[in-house]
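The next block holds one structure in the form of structure tokens; read it before the comments.
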Amino acid sequence: MLRLENVLKRYKTGDVALKNVSLEIPDGQVIALIGPSGAGKSTLIRCVNRLVEPTEGKIYLGDTELTTLPPRELRKARRRMGMIFQEYALVERLTVMENVLSGRLGYVGFWQSFFRKFPKKDVQEAYRLLDRVGLMHMADKRADELSGGQRQRVGICRALIQDPDLLLVDEPTASLDPKTSRQIMRLINELCDERGLAAIINIHDVLLAQMYSQRVVGLKEGEIVYDGPPDGLKPDVLTEIYGEEDWEATIEDVDEDEEEASSK
Amino acid sequence: MSQPQTSYPDYWKKPPFIKRPWLRWGLIIGTVVYVIVALGTMDVNWVRVWEGLPRGRKLLASFFPPNFADSRGVIIDGILESIWMAIIATIGGIILSVPVGLGAARNLSPRWVYLFCRFIVSASRTFPEIIIAIFAVKFFGFGPFAGFVALSIGTVGFFAKLLAEDIEAMNKTQAESVRSTGSNWFQWVNYAIQPQVMPRMIGLSLYRLDINFRESAVVGIVGAGGIGAHLLTSISRYEYDTTASILLVIIVIVISLEYISGYLRKWVQ
Amino acid sequence: MPKIDTADGPVWQRRRTSKQRLIWFGWLIAVAIAAYAWHLISEKTIWFFVWDAPQQMVDISRRMVPPAWSYMDVLWKPIWDTLNIATIGSMISMAIAIPVAFAAAHNTTPHKLVRAFALLIIVATRSINSLVWALLLVVIVGPGVLAGTLAIGIRSIGGCAKLLYESIEEINQTQVEAIEATGASPAQKMIYGVLPQVLPTFAGVGVFRWDVNVRGSTILGIVGAGGIGVQLNGSINTLAWTQVSMILLVILVAVILSEWISAKVRHAII
């Protein structure tokens, strides 16, 4: 279970990205975090694994209080949180296999990782995951030879091989075409399901958020303005989050898409 | 989690950077052998090295604190000569570079002019400024004039090459549109080419001034004027105080030149 | 250009005249400086020698041909030494420049003070010409190849480290973030996140510097620091002009070859 208590983030520039955000995510729940650009979605996710240090407030992962952990403990805690990035953030000049195995870095020592001598079961798990996402044959390719969708799959493998309790997913589809976006979102959903993972998925596409989550949280200017089921996103709610716009069309689309998705 | 359908390999090795094994091992072994042989033929006189270490310490000590007082006049004189030499060599070099650079641009000049100018460029680029300076001293006698000639030649090699490359890479349609107005060759160069290459050339000339100053500090070692002669004398007379202060002054000037030229270049572009 | 508020007339015209004035002023200063510099230089010049120069040139050129081909037998060892000075010197400098570069890049430096110190090393080694380093080292370790190798090695630290740390600062930071997010230690972050991104540039810088150093190592012998410069200096001092032309030919070939090799290798890497 992940719990945020009054998390506040003020950047050095003085901008306040998060204003006293409190949020609780039970084990195994997939939530979508929506909101306009600059609402603090990315900051929120990065505060959880402390790629960005929260200014105030507390964050608990299970019983562990994350915000005060010293570096060594923090690294241990990070192993329990897999992160998936917007621009895939694969190390482009490393092979696919190395990128996947880099998810185990928190578990192996320096020289082991330096000579790429990962434990046998890590390698096996890496192959299993690559097979699961359909990229087994790409293991020795360099990451920059892959297409966007393939890269994101590798990114997913890297996060899953950490054997995490929680996935932090930052705009996984922002650089992908609509079809690949859906495939990736479905894959993340399935994998969370298979492994009983909780996930926070940042996404600006309301449609995808509704299709692939159990709960939607709307963020506006660093504050939570909506927290409820996906079908509760009525025009007035969307107006509250994003501002005035004709939302009817968007919501109609959702219904059609959901039918389409469920008929598959 | 569902149990695995098949068993997966538990061993993975990073594919080697160089795929062909013979080439890979050849390069590795070749490098090792080379380094061993190279170090083996270096003929180091360790006794002499050991004897020299106290001198090194003494030399280092004279930097902290530096002593500028003893030989101030000489240092200022030499440094100024170096600076003026660098400036006039940069200007002279650039003036010479313009025709050479125009001639060495393929899209501007007839073939024989192009080949001739290219030859000048590569000839002046090949030899280090110091070697050119040695000959300049032979031809023109000791003093800053020889240094001026040597650095100017170096500048031509550097500047004309970049100018030519810049002209070759410029926007063709702009050049053609001016040409189509019926202008003559000089008007064409003046209106179509100069505006396109000018900002970068000003930046490059400042950069070259920077290089020329560094070189002007050493051409004195072979008698071509500037601070280098004093540096050489101070070392051979074991006056390390003077050596240290000369080096510090050079460092300070190089840093400030780099800073100023960086600032001006930003301002120009 | 500074922005000028205007009530009368179109803005572009005002800008243009003020800019034009500035440019003219710049030219005026440049001409004044050039004239003054020329005045100073010419005061120290014995013009008789200058007017005599064409005569000298013709004379020496005539004495240079044909090159003393047989002198080549003596030159093999100095050529080998020159190459070693450049190659081993480049290796030494890269070995030192890499840690210095990581200390100097603001995204990998452990501390501000460490960064300042690294930048100081870069500036100090870079500002002083390798010939000057050679002069100092000849005093300390004695004349010979060792002094030359160390001179090239020290001089190149700054040159290499500057290019290296600029490339480290240009890396994609999210790739490093992604490695950090897995729970990797700082050292692991370095070898998985940073190093793969900069390694090709590092190799390119090393080869580029080697090419520069081959040129540079041909002259170190002038101050006794080994290499073919020793023979060049000796032959010039004894007025053995046919030997001089032979040595110049050798240097020419070495410079062209090293430039060619370095271009080929860099092309293969990047």
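Here are a few things to note about the model shown:
- Note on region A:78-89: among residues that are crowded, with 21+ Cβ neighbours inside 10 Å and more than 7 Å from every other protein chain (Cβ to nearest Cβ), the one that is farthest from the chain's Cα centre (by Cα) is A:Tyr88.
- Taking the listed residues A:Lys19, A:Lys58, A:Lys9, the one that is touching a residue at least 12 places away in the same chain (Cβ under 8 Å), more than 18 Å from A:Val225 (Cβ to Cβ) and surrounded by 15 or more Cβ atoms within 10 Å (Cβ to Cβ) is A:Lys58, with no other qualifying.
- Residue count for region C:42-97 satisfying the condition of being within 12 Å of chain B (Cβ to nearest Cβ), in a loop (DSSP other than H, G, I, E, B) and surrounded by 14 or more Cβ atoms within 10 Å (Cβ to Cβ): 2.
- Residue, nearest to the other protein chains (Cβ to nearest Cβ), within region C:126-144, restricted to residues that are over 18 Å from the mean Cα position of the chain (by Cα) and more than 21 Å from C:Trp80 (Cα to Cα): C:Ile140
- Helices (runs of 4 or more DSSP H) contained entirely in region A:79-198, each with at least 2 residues that are under 25 Å from C:Ile171 (Cα atoms): A:96-101, A:110-114, A:148-160
- Options A:Leu166, A:Leu129, A:Leu160: the member that is over 23 Å from C:Ile191 (Cβ atoms) and either of a type in the set (A, V, I, L, M, F, W, C) or crowded, with 23+ Cβ neighbours inside 10 Å (or both): A:Leu166
- Checking B:Phe186 against (1) in a helix (DSSP H, G or I); (2) within 20 Å of the chain's Cα centre (by Cα), the condition it does not meet: (2)
- Residue satisfying condition, being assigned by TED's automatic domain parsing to the domain that holds C:Trp133, touching a Lys or Arg at 6+ places or on another chain (Cβ under 6 Å) and more than 26 Å from A:Ser113 (Cβ to Cβ), within set C:Gly153, C:Gly226, C:Gly221, C:Gly159: C:Gly159
- Counted residues, region B:202-224 - those being of a type in the set (D, E, K, R) and more than 10 Å from chain C (Cβ to nearest Cβ): 2
- Residue selected from region C:192-219 under the condition in contact with a Ser or Thr (Cβ under 7 Å, 6 or more places away or on another chain) and of a type in the set (A, V, I, L, M), by the criterion farthest from B:Ile132 (Cα to Cα): C:Val194
- Pair list, Cβ < 6 Å and 6+ apart or interchain, from region B:109-133 residues that are touching a residue at least 24 places away in the same chain (Cβ under 8 Å) to residues that are basic (Lys, Arg) and surrounded by fewer than 22 Cβ atoms within 10 Å (Cβ to Cβ): B:Val121/B:Lys161
- Tally, over region B:239-263, of residues that are under 21 Å from C:Ser130 (Cβ atoms) and of a type in the set (Asp, Glu): 1
- Contacts under 9 angstrom Cβ, first residue in region B:247-269 being over 30 Å from B:Pro195 (Cβ atoms) and at pLDDT 85 or above, partner of a type in the set (Lys, Arg) and part of a helix (DSSP H, G or I), 6 or more apart: B:Ile250/B:Arg214; B:Val254/B:Arg214; B:Val254/C:Arg126
- Residues located in region B:85-101, provided they are closer than 17 Å to B:Ala160 by Cα and either surrounded by fewer than 19 Cβ atoms within 10 Å (Cβ to Cβ) or touching a Pro at 6+ places or on another chain (Cβ under 7 Å) (or both): B:Ile95, B:Leu96, B:Val98, B:Pro99
Table: residues versus (1) in a helix (DSSP H, G or I); (2) facing chain B (nearest Cβ under 10 Å); (3) farther than 21 Å from B:Ile235 by Cβ; (4) of a type in the set (Ser, Thr, Tyr).
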| site | (1), (2), (3), (4) |
| --- | --- |
| C:Phe202 | yes, no, yes, no |
| C:Val205 | yes, no, yes, no |
| C:Trp210 | yes, no, yes, no |
| C:Gly216 | yes, yes, no, no |
| C:Gly226 | no, yes, no, no |
| C:Gln243 | yes, no, yes, no |
| C:Met246 | yes, no, yes, no |
| C:Val255 | yes, yes, yes, no |
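The values are calculated or read from the model by the stated rules, or taken from the named source; none is laboratory data. Since this is a predicted model, take the numbers as computed values, not measurements. Glycine gets a Cβ as well: all are built from the backbone with ideal geometry, and neighbour counts include every protein chain shown.
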